[in-house]
Amino acid sequence: PAVALAHLDDYENACKSYEQALTLERDNPLIHLNYSIVLYNNGEMRAAGKQFQLFKSKTQTHRPTNPDSEVESVAGRLGPAIQVGEEREGRREKGASEEWRQGRPVLWEEEGQEE
């Protein structure tokens, strides 16, 4: 349900759904990864960074024998993008007027959808 809510741009309920999923499957790293994507897409860099770090630590603890290449690809792009977002967020807090979405790295696009 959380992924569907995120695709429907229901940010608040998507976050609630991810929080609920984490209470049910706290060792599932993919929940943290997907949650970090939703947070990133909504400009919540610190929270996205926290979820991404939990994803990374849980994949180290519960490393699959055959890792999913799509998951590795998304994670490989998300980590640096969050870092850039956190740096911009820090500059904005110091008085920079740059809007978050301006210049935000595009991690993936759905077919037929442009950002």
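The values are calculated or read from the model by the stated rules, or taken from the named source; none is laboratory data. Since this is a predicted model, take the numbers as computed values, not measurements. Ligands, DNA and RNA are stripped out before the accessible areas are found, and what is left, the full protein with its side chains, is counted by its heavy atoms. Shrake-Rupley method; radii C 1.70, N 1.55, O 1.52, S 1.80 Å.
Inside the range 1-18, can you point out the residues that are over 13 Å from I37 (Cα atoms) and open to solvent by 90 Å² or more (accessible area, probe 1.4 Å)? Once the filter is applied, which keeps residues that are over 13 Å from I37 (Cα atoms) and open to solvent by 90 Å² or more (accessible area, probe 1.4 Å), the range 1-18 yields P1, L8, E12, K16.
Checking each residue in the range 32-54 for being open to solvent by 20 Å² or more (accessible area, probe 1.4 Å) and farther than 17 Å from E86 by Cα picks out only N34.
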